[in-house]
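Down below is the structure, laid out as structure tokens.
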Amino acid sequence: QVQLVESGGGLVQAGGSLRLSCAASGHTFSTYTMGWFRQAPGKEREFVAAINWSTYYADFVKGRFTVSRDNAKNTVYLQMNSLKPEDTAVYYCAAGSFHYYYTDPRPYDYWGRGTQVTVSS
């Protein structure tokens, strides 16, 4: 069982930056593929980024967002720069017990409750 807790969300002006963190419980954190997803009101949950031994990004965040992990701290991060109003959403951390990554949220085994990111214009 893995518990995930996101933090770091908030209100920021367009062009600003935020760093999201996701703290995980459990002793096998390093074996999970970790993903970040987001969901805006009235929209489906969408893939943002993932990390295992490599990193993967949705096209709309390439060059702006960076995903990283610290296995010693059981934590995954999402550094978000050059934020846009369309990045406004609840951001979720997810853990998957597979060695690849998926942009579909369904294969992921565990989810956090999310953290709100609001970007004002």
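Tabulated results
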read-out: Accessible area per residue, Å², the chain with all protein chains present, probe 1.4 Å; value: 53
read-out: Area accessible to solvent at W111, 1.4 Å probe radius, in Å²; value: 80
read-out: Residues with amide H under 5 Å from that of G114, placed H, sequence gap 5 or more; value: E6, C93
read-out: 3J(HN,Hα) from dihedral phi, segment 91-96, Karplus parametrisation 6.51/-1.76/1.60, rounded to Hz, x for glycine, proline; value: 9, 10, 9, 9, 10, x
read-out: Estimated inter-spin distance, A14 and W53, nm [label 7 Å along Cα→Cβ]; value: 4.2
read-out: Sequence of H99, H27 when ordered by accessible area, the most exposed leading, probe 1.4 angstrom; value: H27, H99
read-out: 5 angstrom amide H check on F98, placed H, neighbours 5+ away; value: T33
read-out: Cα→Cβ-extended label distance, 7 Å offset, between K73 and V5, nm; value: 1.5
read-out: Long-range amide H partners of R69 with built H, under 5 Å; value: Y77
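The values are calculated or read from the model by the stated rules, or taken from the named source; none is laboratory data. Everything quoted here is computed from the prediction, not taken from an experiment. Glycine also receives a Cβ, built like all others from the backbone with ideal geometry; neighbour counts cover every protein chain displayed. Please note that ligands, DNA and RNA were not included when accessible areas were found on the heavy atoms of the full protein model with its side chains. Shrake-Rupley method; radii C 1.70, N 1.55, O 1.52, S 1.80 Å.
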